[in-house]
């Protein structure tokens, strides 16, 4: 898939729409830093490599008492189905597919939101908190989704 980089003089709403319609991938408005353009391109390439790594993944993932059926997009804790938002579901599946690996907040943001993590706030922290409230026995003392200070988050499979 080719990547298109648009460097625009003005960032008017119609210009953005035209870029989306014509399959634009990266938008940068003047004045811009060449370093910013390079970082945005690297982020796109990194996101693409993550997608390619995820193609071989399982259809049912079991972590402790949590079961994720990726075909029906349903999550169960024990025998009870858990209602998750699309973002929470995407976050959980991504963490489950990379179980026992530390994933940075920036990488999670890019995967779940599908956009650059430049200037992110506490969005991922909020989604993690909501997810913990739904899948953890004690959300304030998590055993499944662990925070690794300064690095990110890790989904731990206690049964493995």
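The slack between residue 158 and residue 36, meaning 0.36 nm per residue of separation minus the straight C-alpha distance, is 39.8 nm. Among 84, 131, sorting on how many other beta-carbon atoms sit within 10 Å of each Cβ, with the fewest leading, yields 84, 131.
For the peptides 67-76, 91-100, the ranking by mean Cβ contacts within 10 Å, running from highest to lowest, is 91-100, 67-76.
Between residue 125 and residue 85, the FRET efficiency estimated from the beta carbon spacing at R0 = 22 angstrom works out to 0.90.
Would you order 41, 61 from fewest to most other beta-carbon atoms within 10 Å of each residue's own beta-carbon? Walk me through the numbers before you get to the answer.
Details: 41 15, 61 20.
Ascending Cβ contact count within 10 Å gives the list 41, 61.
Readers should treat all values here as calculations from the given coordinates under stated rules, not as data from a laboratory. Here the structure is a predicted model, which is why all the values come from computation and not from measurement. Every residue, glycine among them, receives a Cβ derived from its backbone with ideal geometry; neighbour counts consider all protein chains shown.
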